[in-house]
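These notes are about the structure you will find just below.
The values are calculated or read from the model by the stated rules, or taken from the named source; none is laboratory data. Remember, it's a predicted structure, so these values are computed and weren't measured experimentally. Every residue, glycine among them, receives a Cβ derived from its backbone with ideal geometry; neighbour counts consider all protein chains shown.
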Amino acid sequence: MIQKSGHRFSDQIMREEKSMGITRNFSLEATRPDAAEIAALAAILPPGTPVYLTAVPTVDPQAQVGAAAGLRKAGLEPVAHIAARRIASAKQLSELLAGLRGEADIKRLLIIGGDVESSGPFADALSVIQNGGLREAGIEDIGIGGYPEGHPRIALSRLEAALDQKIAAARAAGLRVSIVSQFSFSPERIVAWLRQLRACGITVPVKVGMAGPASVTGLLRYAKRCGVSASLRGLMSGTGRGLIGQVAGQAAGPDAILAALETAGDLGASPHYFSFGGAVETARYACEAAAGRIAA
């Protein structure tokens, strides 16, 4: 009887160590974090945790610089989103990068197109990588977008070609590059997408987007906005329970995605949490998962 209990304890240790291998190198997103929220995040997250600052139209560049500086002072690693089509001029980009580097010592960016019509010199993320003077501004590492469920307005063939082009352009510019994916609720689709990337010879690290703890109502709103149609259909069959756990008996949250990544083998992926339910609650969840205390 004692021996059996010991085996159970040993198995639990092995499961936790395996889970930590996938989950401990996580990042998360925050939108408009104020001083109180930054302090709360710093009290929860390990020092140096990457915190991505979401690019939203209502946040002006100086506010983004201020939030990045606050995260840096709190011992976290700020990563600014740059939305190419929202940049009005090359001068605006240069000034933003100078502020981020000078006040927050930012060396990492996530570069996205931004779902608006371009009114400035940058038509897409590729043009920022090629012509934005990133290395000259002190940037060393960039993330580019990936779409496990495709994009509602971009053909799959174009997405695949753009991914190759952006990786090549980043390397040509002397930048480290990784993929940060749009969130999905489908573990099977995420794993299939990762395997397809690797089969196509794309070897860069991938941060897998997944929604942190949030209400189903909130998730429905964000999923519709982001065009996550396949996952959304599965989520809509639920009964209104929270994200963490099961929705109508079907796994729909980070727990199931993390479990799928654990069993899929080494795909060079780590979690990237979208904080739809709040950055602080998401940080708590991420740390619990990293410690192996989430029952996947």
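Tell me which residues, restricted to region 8-50, are at pLDDT below 90 and either in contact with a Leu (Cβ under 6 Å, 6 or more places away or on another chain) or polar (S, T, N, Q) (or both). Lay out the reasoning, then the answer.
Residues of region 8-50 at pLDDT below 90: 8-24, 31-32.
Within region 8-50, S10, Q12, S19, I22, T23, T31 meet the criteria.
Hey, among S184, S178, S118, which residue is touching a Lys or Arg at 6+ places or on another chain (Cβ under 8 Å) and under 19 Å from H272 (Cα atoms)? Give the derivation first.
Details: S184 fails: touching a Lys or Arg at 6+ places or on another chain (Cβ under 8 Å); S118 fails: under 19 Å from H272 (Cα atoms).
It is S178.
Spot the failing condition for A68; the list is (1) hydrophobic (A, V, I, L, M, F, W, C); (2) farther than 16 Å from K107 by Cβ; (3) in contact with a helix residue (DSSP H, G or I) (Cβ under 9 Å, 6 or more places away or on another chain), and only one is missed.
Evaluating A68 over (1) hydrophobic (A, V, I, L, M, F, W, C); (2) farther than 16 Å from K107 by Cβ; (3) in contact with a helix residue (DSSP H, G or I) (Cβ under 9 Å, 6 or more places away or on another chain) leaves (2) as the failure.
Among the residues of region 41-53, which ones are under 20 Å from the mean Cα position of the chain (by Cα) and either part of a helix (DSSP H, G or I) or surrounded by fewer than 18 Cβ atoms within 10 Å (Cβ to Cβ) (or both)?
From region 41-53, those under 20 Å from the mean Cα position of the chain (by Cα) are 41-42, 44-53; that's our starting set.
L41, A42, I44, P46, P47, G48 - these are the residues of region 41-53 that are under 20 Å from the mean Cα position of the chain (by Cα) and either part of a helix (DSSP H, G or I) or surrounded by fewer than 18 Cβ atoms within 10 Å (Cβ to Cβ) (or both).
Output the number of residues of region 179-191 satisfying the condition of being surrounded by fewer than 22 Cβ atoms within 10 Å (Cβ to Cβ) and at pLDDT 95 or above. Talk me through it step by step, then tell me what you get.
So the first thing to find is which residues in region 179-191 are surrounded by fewer than 22 Cβ atoms within 10 Å (Cβ to Cβ), and the list is 182, 188-189, 191.
Add one more test, that the residue is at pLDDT 95 or above, and what stays is 191.
Residues flagged as surrounded by fewer than 22 Cβ atoms within 10 Å (Cβ to Cβ) and at pLDDT 95 or above within region 179-191 amount to 1.
Name the single residue, out of those in region 262-280 being under 16 Å from the mean Cα position of the chain (by Cα) and part of a helix (DSSP H, G or I), that is surrounded by the most Cβ atoms within 10 Å (Cβ to Cβ).
A279
Being at pLDDT 90 or above and crowded, with 20+ Cβ neighbours inside 10 Å, is that true of even one residue in region 225-232? Full working, then the answer.
Just the residues of region 225-232 that are at pLDDT 90 or above, to begin with: none.
No, region 225-232 has no match at all.
So which of A104, A55, A63 ends up being closer than 13 Å to T31 by Cα, touching a helix residue (DSSP H, G or I) at 6+ places or on another chain (Cβ under 8 Å) and of a type in the set (A, V, I, L, M, F, W, C)? It would help to see each step written out before you state the result.
Values: A104 fails: closer than 13 Å to T31 by Cα; A63 fails: touching a helix residue (DSSP H, G or I) at 6+ places or on another chain (Cβ under 8 Å).
A55 is the lone residue from the list that is closer than 13 Å to T31 by Cα, touching a helix residue (DSSP H, G or I) at 6+ places or on another chain (Cβ under 8 Å) and of a type in the set (A, V, I, L, M, F, W, C).
With the condition kept exactly as written, say whether any residue in region 60-73 is in a helix (DSSP H, G or I), acidic (D, E) and modelled with pLDDT under 95. Let's see the steps before the verdict.
Going residue by residue through region 60-73, those that are in a helix (DSSP H, G or I) are 61-73.
If we keep only those that are acidic (D, E) as well, we get none.
No, because not a single residue in region 60-73 is in a helix (DSSP H, G or I), acidic (D, E) and modelled with pLDDT under 95.
Quick one: count up the residues across region 98-146 that are under 15 Å from P78 (Cα atoms) and surrounded by fewer than 23 Cβ atoms within 10 Å (Cβ to Cβ). Outline the logic, then answer.
Taking region 98-146 as the starting set, the residues that turn out to be under 15 Å from P78 (Cα atoms) are 98-111, 138-143.
Filter once more, so that each one left must be surrounded by fewer than 23 Cβ atoms within 10 Å (Cβ to Cβ): 98-99, 101-105, 107-108, 138, 140-141.
Residues meeting the conditions: 12.
Quick one: in region 54-80, of everything that is closer than 19 Å to A286 by Cβ and not hydrophobic (A, V, I, L, M, F, W, C), which residue is surrounded by the fewest Cβ atoms within 10 Å (Cβ to Cβ)?
Going through the qualifying residues, I end up with G75.
Just a yes or no: is a residue in region 155-166 touching a strand residue (DSSP E or B) at 6+ places or on another chain (Cβ under 6 Å) and either surrounded by 19 or more Cβ atoms within 10 Å (Cβ to Cβ) or touching a residue at least 24 places away in the same chain (Cβ under 8 Å) (or both)?
For region 155-166, residues touching a strand residue (DSSP E or B) at 6+ places or on another chain (Cβ under 6 Å) and either surrounded by 19 or more Cβ atoms within 10 Å (Cβ to Cβ) or touching a residue at least 24 places away in the same chain (Cβ under 8 Å) (or both): present.
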